[in-house]
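Structure first, commentary second.
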Amino acid sequence: MGLFSFIKNAGKKLGIGGDDDAPDVEAVKKELSSHDLGTDKVDVAVQGDKIVLTGVVKDQSAFEKAVVAVGNTLGVSKVEASDLKVAETATATPAAAKTPVFYTVKKGDNLWKIAEAQYGKGKGAKNTAIFEANKPMLTHPDKIYPGQVLRIPDLT
């Protein structure tokens, strides 16, 4: 599913390096596992400012959350997930293989504005779907910041 771009100088700081330093691979692994996303079969590699994820995740939601969890790390500009696979399940449908939709938070954004921009005018109340789709990385709906990348779930 490809290469995903992030803002290198925005995100959670892992380790003790400077703002432009690539995070340590062990710190990224620890961050990913801390979210308990079902990524125990995922391998992490750091190549400069790019994180490479390989292995298998349990579902499409775990795939997207894994990309966002490591991408929203200070010093990361890209996440390569071409070799990160979604486990086949009996309930899998073609819709499960859709390309993920991500949104980069801009100054002045809040989840209500983002929901209206993504789902259409009058759909701001759907902001709770965006918040829920980004848990556990988001701990409060008001705690988003410019440069952060959020998953935008399909409302079907």
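Bear in mind that the values in this text are calculations on the coordinates, not laboratory data. This is a predicted model, so every value here is computed, not measured. With ideal geometry, Cβ positions are generated from the backbone for all residues, glycine too; neighbour counts draw on all protein chains shown.
Listing for the model above:
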item	result
Label-point gap, in nm, between residue 143 and residue 34 - each point 7 angstrom along Cα→Cβ	1.1
16 Å Cα-Cα reach of residue 12 towards aspartates and glutamates, excluding residues that sit fewer than 8 places from it in its own chain	20, 21, 24, 26, 31, 49
Helix-only CD estimate at 222 nm, as mean residue ellipticity for the chain, using -39500 (n - 2.57) per DSSP H run (n ≥ 4)	-7000 deg cm²/dmol
Per-pair calculated FRET efficiency, R0 = 25 Å: residue 123 and residue 102 via Cβ, rounded to 0.05	0.85
Highest average packing first - 53-63, 38-48, 138-148, 72-82, Cβ atoms within 10 Å	72-82, 53-63, 38-48, 138-148
Shape of the chain, Cα gyration tensor, a/c cut at 1.5	oblate
Cα-based reach from residue 121 at 16 Å (exclusive), listing lysines while leaving out same-chain residues under 8 positions away	113
